[in-house]
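Okay, structure first, notes after.
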Amino acid sequence: MPTEPLFQPVTSESRPTRTLNLTFNGKTLTVPAGISVAAALLMVGVTRFRATPVSEAPRAPYCMMGVCFECLVDIDGVPNRQSCLVEVSEGMKIRSQEGARDLIFQPVTNQALEVQP
Ligand code: FES
């Protein structure tokens, strides 16, 4: 049974859409400004944002509101970014996230744990 989408994109003929350029896995893309990275990538046809650490199954955004973590990508060299919560910006370098990322571990020294009287 065919269904109509519940949501439609907001369009405004009086306000021209500003665009910007970013890259995804080295490919330059032109996307509308003011939208999330996830929305922009989906808009241009990207369907694989990351691969799971264990089975390397492809993943793409699901909730678009910061809950599911299926949209993780590397943005400007920072891994584990939720692309649905980050707004696009000019020159942004985005890469798909392949498997698990290293945890940044900074050991806490005993001096930092001392309580000051
Ligand atoms: S799409 Fe669910 S957290 Fe980004």
Beta carbons within 10 angstrom, averaged per residue: use that to sort the peptides 49-55, 92-98, 37-43, 62-68, highest first. 37-43, 92-98, 49-55, 62-68
Amide hydrogen neighbours beyond the local backbone of Glu70, cut-off 5 Å, H modeled: Tyr62, Cys63
Estimated vicinal HN-Hα couplings, Hz - the stretch 19-27 in sequence order (Karplus 6.51, -1.76, 1.60; Gly, Pro = x): 10, 8, 10, 9, 10, 10, 6, x, 9
I'd like the distance separating the alpha-carbon centroids of the stretch 81-95 and the stretch 22-76, in whole Å. 8
Calculate the translational D of the stretch 19-95 in whole µm² s⁻¹ from Stokes-Einstein, where the hydrodynamic radius comes from the Kirkwood formula applied to all Cα pairs, the temperature is 10 °C and the viscosity 1.306 mPa s. 130
Roughly speaking, what is the stretch gain from Glu4 to Lys93, that is 0.36 nm per residue apart minus the C-alpha to C-alpha distance, in nm to one decimal? 28.6 nm
In terms of modelled amide H atoms, which long-range or inter-chain residues lie less than 5 Å from the amide H of Gln97? Arg50, Ala51, Asp74
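Every number in this text was worked out from the coordinates using simple rules, so none of it is lab data. All of these numbers come straight from a predicted model, not from anything done at the bench. Positions of Cβ are backbone-derived with ideal geometry, glycine not excepted, and every protein chain shown enters the neighbour counts.
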